[in-house]
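Read the structure below first, then the notes.
The values are calculated or read from the model by the stated rules, or taken from the named source; none is laboratory data. This is a predicted model, so every value here is computed, not measured. FYI the Cβ positions are ideal-geometry reconstructions off the backbone, even for glycines, and counts take in every protein chain you see.
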Amino acid sequence: MSYVRVVDEFKRYTMGENTIVANNGISFDVEQGQFAVILGPSGAGKSTVLNILGGMDSPDEGHIYVENNDISQYSKKQLTTYRRDDVGFVFQFYNLVPNLTARENIELASQISPDALDVDEVMESVGLTDRRDNFPAQLSGGEQQRVAIARALAKNPKLLLCDEPTGALDIETGKQILRLLQKTARDFNTTVIVITHNGQIAPMADRVIYIHDAKVKEIVENPRPRSVDEIEW
Amino acid sequence: MQKKTALYKMIWREITSSKARFFSILFLILLGVGFFAGLQATGPNMLKTADDYFDQQNLYDLHIQSNYGLDEEEYALLDDKEEIEALEGHYSSDVLFGEDRLVIKLIGYDEENQLNQFRVDEGRLPERPNEIALDYSDVITSQYELGDEVMIYSGNKDSNLSDTVSESTYTVVGFVTSPRFITNDSRGQTTIGRGQLDAFGVVQADVFTLDVYTDLFVTFKASANQSMYSDTYIDQMKDYKDTYEPALEDVGTGRLDQIKADAEEEVEEGRTEIEEAKQELSDAEQELTEAKTELETGKEELELAEADLEEAFLELDREEQNYREGVDTFEQEMIKAKKQLRDQEETLEESEQQVQDGLSEIEAGLNQLNEPFVDLVTQETALLDQRDQIRQLNQQLTALFQTPTDQLTDGMKQDWIDETAEVTFNETSLSSLLQGYFNGTVTQEEIKTVIASTDASLTSGISELRTNINEINTQRAELETQQQELEGSLQEIEAGKEALEDARTDLNNQRTETEQELADGRRQLDEGWAEYDQGLSELEEARVDLAQGQADYEEGLQTFNEERQDAERDIEEAEQELDDALEELDTLEAPTYYLTVRHDNGQLVEFEDNAERMSDLATIFPVVFFLIAALVTLTTVTRMIEEQRIEMGTLKALGYTDRDIQKKYYLYALSATLFGAILGLALGYTLLPKVIFNAYQILYNLPPLALDFYWSFTLISLAVALFSSLVTAWYVLRKDLKTTPAILMRPKAPKVGKRILVERITPLWRRMNFMQKVTARNLFRYKQRMLMTVIGISGCAALIITGFGLKGAVEGIVDLQFGRVMNYEAVVALDSAASSTEKEVYRDIIADNETIEASLMVYQETLDANKSGVTPQDVTMFVPENPAELDQFVQLKNRTSAETFDLEKDGAIITEKLATLFEVEKGDDLTLTTADDDALTVTVGGVVENYAGHYLYLSPDIYESMQSTVLEYNAELLKYPYSEDFEAELSDALSDSDYVITTSYNQSMLNLFEDSMESLNIVVVVLIVSAAGLAFIVLYNLTNINVSERIRELSTIKVLGFYDNEVTMYIYRENIILTLMGIVAGGLFGRLLHIFVLDTASMDNMMFNPSLSWTSYLYAAILTMVFSTMVMLMMHRKLKHVDMIEALKSNE
């Protein structure tokens, strides 16, 4: 049984009189500790899948199993608990709380999580120990994103979901981030799912799920993923 | 001109998509404008209502009274004035009323009256002399109903009710309101009872029996079209008053002369009367003297009459003697004469007897002869008859015999036989002879012989008989001669008898005569005696009369002596009075005229004060209110524009002009502001004044509020409202539009996180948990909004505190006044003219009552305090009999210095508000006016705490040193533990005493007071509700801004797995702290506002409790927190539904 299983998942949005089908029967699996990439063009429904996986939204049909729990049947409260305990999120625009220092931003997550890791260790693991007391505005984009990743990791989540984590970063910084994410999957045995429209990232994933027009086009297993450094943009 | 429909669509969408913001601006403006305009309008509305009402009821402009009343002269003086619209003379009198002896002003009403018209609330006005319409006030309506019978009594023991009015019993026919008395509880001062009028009553003017009017009422043409509260009106009325006063005084001097002349005439009349009385007295004395003389004469006469009577008695006695003797003589003579006559009579009767006896013998003899004589004659006659018969028969037989027997018929023969049956001859009957003849047996000769023999025998019988008869006749003659002789002597005797009879007759005649004479004598004598008796009884009567006369005289003398003393004293007194009157007349002053214009009527002024107080409140409250509303509007508009930088940049980049871009925000702000303002004005001008005025209706008898529209307030509020939204928009826009579209489109750098001061205090910072730190840092991140929130909340909290504070200040008065200041429970107004027995009875009632703890006699009077620029105030003066005891009944302590005063030592003590109003301190002089219009100046010895009314406490020494009159205690303060039952009992006991005029209980005053406080309470409730509403909107608005500003942050923590309540608390923790800070700041601000408001809202005769109770703070805090919680709940709902994905997607 896979760690994450998405089975026949549908999501429709009603915009006035039109119904937009964002996810049209999506099914895929991700194994525990895998670094998976969901790849597809803008508007293909990647983010919807991620939101549903992350417990921020619920599917209209289908089932989502995470560690054998069907989160598609969760209530709002259960979803919140699920987010709180099991999921780490990394956004394209970091979404740090500007009024909190790097360390505090991480604490914000760790304070509420039962299995939280030591904040300082996490900070060290993302290489931000000396920036711990800086406010987000005092940090570079990469640093901010690293804080965001640290915030996600500090919870010791079962699932780390990243929405275009490198989208707002330059290539070098992006690579750093991707390296961090890959390392996280390896070191912490955390299941990492990254969505991106950047196909270049695909070779470094254990599994690549291609989504197009709200449907899964192809799922490619990568028996020997490359490291970030081997990738050329 | 290009069409910019897309732009307008955008504006419309902006409004519809941000309803909450649009409406919060709208409501803020609505509340601000409505509250401002409404409160501002209330004062003017109230004044206009009163003014309209007075115009409608034709209330006087000028009211003239005089201590001499008002006569035709005064009327005539005013009647000539051009400027006067209407002039009317009215009657009124203050009397006691009903069982409770309420003091009422009895007002004469005439259908013709145009001025001071009554408003009939129930029933009708009096139409008959014994009908009365009563004051439509609680005092009356709680006790009386239509149809009740009521009595009125003179308020003054020295005067009769009938001197003023003709009726004393009335039927209640209506309840009315007078424009002269617009408050519900006060009817002004009076000189009777306890000095305060309780109510008024309306009776027909004809009921009054007064010679002169008591009141003249005037309205002026000039006043018709202006508000009585305008300065021109006030000045004009003052001018008229100042002009009329001297003119009236001139008339008054004339009247004084007239009065003096009249009085002198009266004095003269009095003198004449006294003279007459004196004359009467001396006349009476004269009469008495005369009576005495008469009595003495009478006595003398009586003595004379007694002597005469004595003489008469003696004479009569003598004559009586004579008379008796005469009678005796006469009777003896008579007896003698009678005896003589009787002797003679006896002799005559004896001889007569003898003669009579002789006569009787002769008679007897004669009678013896008679019998044989008669027999003889009878025989002779019979023989003659027989002879005749035979002769006759013989002739017939001769005839018969001539006829042969055969010729005779048998019948004839039978007749012959029948007829001769009885004729017999010598035993032979003729018939048988005839028979025989007829038969032929007997011849005719035989028959003729028989006949002739018979005849011859008969003739010899006759001759014999004639000889016997002659013999008897001779014997008779002899006897008759003897009889004649005897009868001659009998005649002689008869003659003797006749002579005797004559003698007797003579004697009788003589006797009758003498007896007549004697009777005459007797009668004369009797008359004499009767006369004597008459004289005697007359004498007796005269004697009694004389004694009566004597007694009468003595009584008269005594009466006279007694009465002469009284009369002389009376005369002396009357003379004294006349002298006094003359003296008084000399000192008599011209009538004093009391001219009062409407503004001298305390009630009207008080109402004006109340209305102005409303305006004062309307200044400070709405300004604070409005400021907060404007501030929050400003924040809201600022936020809105900041949120839309990108849109602005886009529009700008697309080539829209600044004006077009601004238009959206201006239109948005304008529509929200205008709608809010219009709704606010509509509600403010109608609802608020009505609510407040309704509250004042508890105090005032006025018609429903006349609403009005005020351009000034409308424009001011519109200007402020538009300023706070449009100018803000303009300012923020101007700054933003100056920059390039590129910068605009780039998100405004988020507020940079900063270390805050608290972090430097390491021990504290370390102690705080993570969320507290976050909150602390957030608080200081948005300083501007934090400030706004604190200001907004503190403003609202301050308003609420002030509201409750005002309520407490007002309510506190009651508790302080009746709990702390006045320690007595009742004031008994006493009638100093009562008899000492009545007083004794009353003293016993009080002394025997065990519940009464203490009592104190006082002199009580209501004084007037006047000073220009200050509304005239009623001051109650207490002069206690025992000044040392006063502090048991009234707390004599200064409120701030806590210094206590002693009436004995300090002399005159006044209450705080009076001191404040008239700006006097300890040691200053204060001049007051008594009910008799005398000035009373006291040196203030102390100022004491007091909240309701004004009091002057004066020691009897000082009072007496200033007033020439003797101090008569007319009231008593009673102290006892209050209970309703006991008061009812006491009231019962006291109502029987004639010494008691009325009793006023502090408890009922307290109740009345609380009622009147009720009105301010409603105003306060309006304030509190409005402030609370504002607090709510402010909190909602600011929180809303906070949330929308930080929606990304909130979404983030939501994504991080914060539960809904944790999310709410994440932001609300700040709000709670801001609210608390707002409450604390509001407490300080509220304290200041409270002091300011109390100062402006204070009433003249009432001092508010200036200390602000902690409960006011508490209520304000609780209310603010309640609103904060409500807003939190609303925000909670909103946050729950925040779309975190949407918020996180975009780059800020």
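So that you can scan it fast, the table gives a plain yes or no per residue for (1) modelled with pLDDT under 85; (2) closer than 22 Å to B:Y1036 by Cα; (3) surrounded by 17 or more Cβ atoms within 10 Å (Cβ to Cβ):
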site: B:V1080; (1), (2), (3): no, yes, no
site: B:G1083; (1), (2), (3): no, yes, yes
site: B:A1097; (1), (2), (3): yes, no, yes
site: B:M1103; (1), (2), (3): yes, no, yes
site: B:P1106; (1), (2), (3): yes, no, no
site: B:A1117; (1), (2), (3): no, yes, yes
site: B:E1142; (1), (2), (3): yes, no, no
(message) Under 6 Å between Cβ atoms, which residue pairs at least 6 apart in sequence (or on different chains) link something in the range B:764-782 that is more than 7 Å from chain A (Cβ to nearest Cβ) with a partner that is outside any helix (DSSP H, G or I) and not polar (S, T, N, Q)?
(response) B:F780/B:I756
(request) Quickly run through the range B:122-150 and pick out the residues that are outside any loop (DSSP other than H, G, I, E, B), on the phi < 0 side of the Ramachandran plot and surrounded by 15 or more Cβ atoms within 10 Å (Cβ to Cβ). (result) B:E122, B:E131, B:I132, B:A133, B:L134, B:D135, B:V139, B:I140, B:T141, B:V150
(request) Any chance you could count how many residues in the range A:114-163 are within 11 Å of chain B (Cβ to nearest Cβ) and among the β-branched types (V, I, T)? (result) 1
(message) Being within 60 Å of the chain's Cα centre (by Cα) and in a helix (DSSP H, G or I): is that true of B:M1121 here?
(response) yes
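Matching residues to (1) among the charged types (D, E, K, R); (2) surrounded by 15 or more Cβ atoms within 10 Å (Cβ to Cβ); (3) assigned by TED's automatic domain parsing to the domain that holds B:M1102:
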site: B:R569; (1), (2), (3): yes, no, no
site: B:E572; (1), (2), (3): yes, no, no
site: B:D579; (1), (2), (3): yes, no, no
site: B:E583; (1), (2), (3): yes, no, no
site: B:G602; (1), (2), (3): no, yes, no
site: B:E606; (1), (2), (3): yes, yes, no
site: B:N610; (1), (2), (3): no, yes, no
site: B:F621; (1), (2), (3): no, yes, no
site: B:F625; (1), (2), (3): no, yes, no
(message) Take the residues in the range B:905-962 that are farther than 18 Å from B:V890 by Cβ and of a type in the set (G, A, S); name whichever of them is nearest to the chain's Cα centre (by Cα).
(response) B:A931
(request) Only one of these is assigned by TED's automatic domain parsing to the domain that holds B:K241, surrounded by fewer than 18 Cβ atoms within 10 Å (Cβ to Cβ) and touching a residue at least 24 places away in the same chain (Cβ under 8 Å): B:S162, B:S178. Name it. (result) B:S162
(message) Tell me yes or no: at least one residue of the range B:134-141 is under 30 Å from B:A222 (Cα atoms), in contact with an Asp or Glu (Cβ under 9 Å, 6 or more places away or on another chain) and not assigned by TED's automatic domain parsing to the domain that holds B:L699.
(response) no
(request) Show the residue pairs that are 6+ apart or on different chains and have beta-carbon atoms under 6 Å apart, the first residue being within the range B:1133-1146 and more than 8 Å from chain A (Cβ to nearest Cβ) and part of a helix (DSSP H, G or I), the second being modelled with pLDDT of 75 or more and surrounded by 15 or more Cβ atoms within 10 Å (Cβ to Cβ). (result) B:L1135/B:V1063; B:L1135/B:T1064; B:K1136/B:D1060; B:A1143/B:I1047; B:A1143/B:R1048; B:A1143/B:S1051
(request) Among the residues of the range A:221-233, write down those that are in contact with a Lys or Arg (Cβ under 7 Å, 6 or more places away or on another chain) and either surrounded by 13 or more Cβ atoms within 10 Å (Cβ to Cβ) or modelled with pLDDT under 85 (or both). (result) A:N222, A:V228
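Being small (G, A, S), within 12 Å of another protein chain (Cβ to nearest Cβ) and out of contact with any Ser or Thr (no Cβ under 8 Å at 6 or more places or on another chain), is that true of even one residue in the range B:1092-1107? Steps first, please.
Keep residues of the range B:1092-1107 that are small (G, A, S), which gives B:1097-1098, B:1107.
Remaining after also requiring within 12 Å of another protein chain (Cβ to nearest Cβ): none.
No - not one qualifying residue is present in the range B:1092-1107.
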(message) Let me confirm something: among B:E300, B:E345, B:E325, B:E311, which residue is surrounded by 11 or more Cβ atoms within 10 Å (Cβ to Cβ) and among the charged types (D, E, K, R)?
(response) B:E345
(request) State whether one or more residues within the range A:47-68 are in a strand (DSSP E or B), modelled with pLDDT of 85 or more and at the interface with chain B (Cβ under 10 Å from one of its Cβ atoms). (result) no
(request) Just name the residue that is farthest from the chain's Cα centre (by Cα) out of those in the range B:214-250 that are among the β-branched types (V, I, T) and not in a loop (DSSP other than H, G, I, E, B). (result) B:T232
(message) Let me spell it out: the conditions are (1) assigned to a loop (DSSP other than H, G, I, E, B); (2) touching a Lys or Arg at 6+ places or on another chain (Cβ under 8 Å); (3) more than 14 Å from chain B (Cβ to nearest Cβ); (4) hydrophobic (A, V, I, L, M, F, W, C), and A:A44 meets all of them except one. Which number is the exception?
(response) (2)
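Given the criteria small (G, A, S) and buried (at least 20 other Cβ atoms within 10 Å of the Cβ), does A:A154 qualify? Step through it out loud before you land on a result.
Values: small (G, A, S): yes; buried (at least 20 other Cβ atoms within 10 Å of the Cβ): yes.
Yes.
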(request) Among the residues of the range A:86-113, count how many are within 7 Å of chain B (Cβ to nearest Cβ) and closer than 18 Å to A:V66 by Cα. (result) 1
(request) Would you mind telling me which numbered condition in (1) without any contact (Cβ under 8 Å) to a residue 60 or more places away in the chain; (2) surrounded by 13 or more Cβ atoms within 10 Å (Cβ to Cβ); (3) outside the structural domain of B:D110 (by TED's automatic domain parsing) B:G270 fails? (result) (1)
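Determine whether A:R12 is in contact with a Gly (Cβ under 6 Å, 6 or more places away or on another chain) and over 28 Å from A:I201 (Cβ atoms). Write out each step before concluding.
Values: in contact with a Gly (Cβ under 6 Å, 6 or more places away or on another chain): no; over 28 Å from A:I201 (Cβ atoms): yes.
Criteria not met by A:R12.
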(message) Being among the small types (G, A, S) and touching a helix residue (DSSP H, G or I) at 6+ places or on another chain (Cβ under 9 Å) narrows it down to one residue among B:A6, B:A37; which is it?
(response) B:A37
(request) Any chance you could count how many residues in the range B:417-431 are more than 15 Å from B:Q389 (Cβ to Cβ) and buried (at least 16 other Cβ atoms within 10 Å of the Cβ)? (result) 1
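Give the residue, chosen from B:V374, B:V442, that is touching a Leu at 6+ places or on another chain (Cβ under 6 Å) and without any contact (Cβ under 8 Å) to a residue 12 or more places away in the chain.
B:V442
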(message) Against the condition within 21 Å of B:Q603 (Cβ to Cβ), assigned by TED's automatic domain parsing to the domain that holds B:I234 and either free of Cβ contacts under 8 Å to residues at least 40 places away in the same chain or surrounded by 22 or more Cβ atoms within 10 Å (Cβ to Cβ) (or both), how does B:D61 come out, does it pass?
(response) yes
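A quick yes/no check of all residues on (1) modelled with pLDDT under 80; (2) buried (at least 22 other Cβ atoms within 10 Å of the Cβ); (3) in a helix (DSSP H, G or I); (4) within 14 Å of another protein chain (Cβ to nearest Cβ):
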{"residue": "B:F982", "(1), (2), (3), (4)": "no, no, yes, no"}
{"residue": "B:S1004", "(1), (2), (3), (4)": "yes, no, yes, no"}
{"residue": "B:S1015", "(1), (2), (3), (4)": "yes, no, yes, no"}
{"residue": "B:V1019", "(1), (2), (3), (4)": "yes, yes, yes, no"}
{"residue": "B:F1032", "(1), (2), (3), (4)": "no, no, yes, no"}
{"residue": "B:T1039", "(1), (2), (3), (4)": "no, yes, yes, no"}
{"residue": "B:R1069", "(1), (2), (3), (4)": "no, no, yes, yes"}
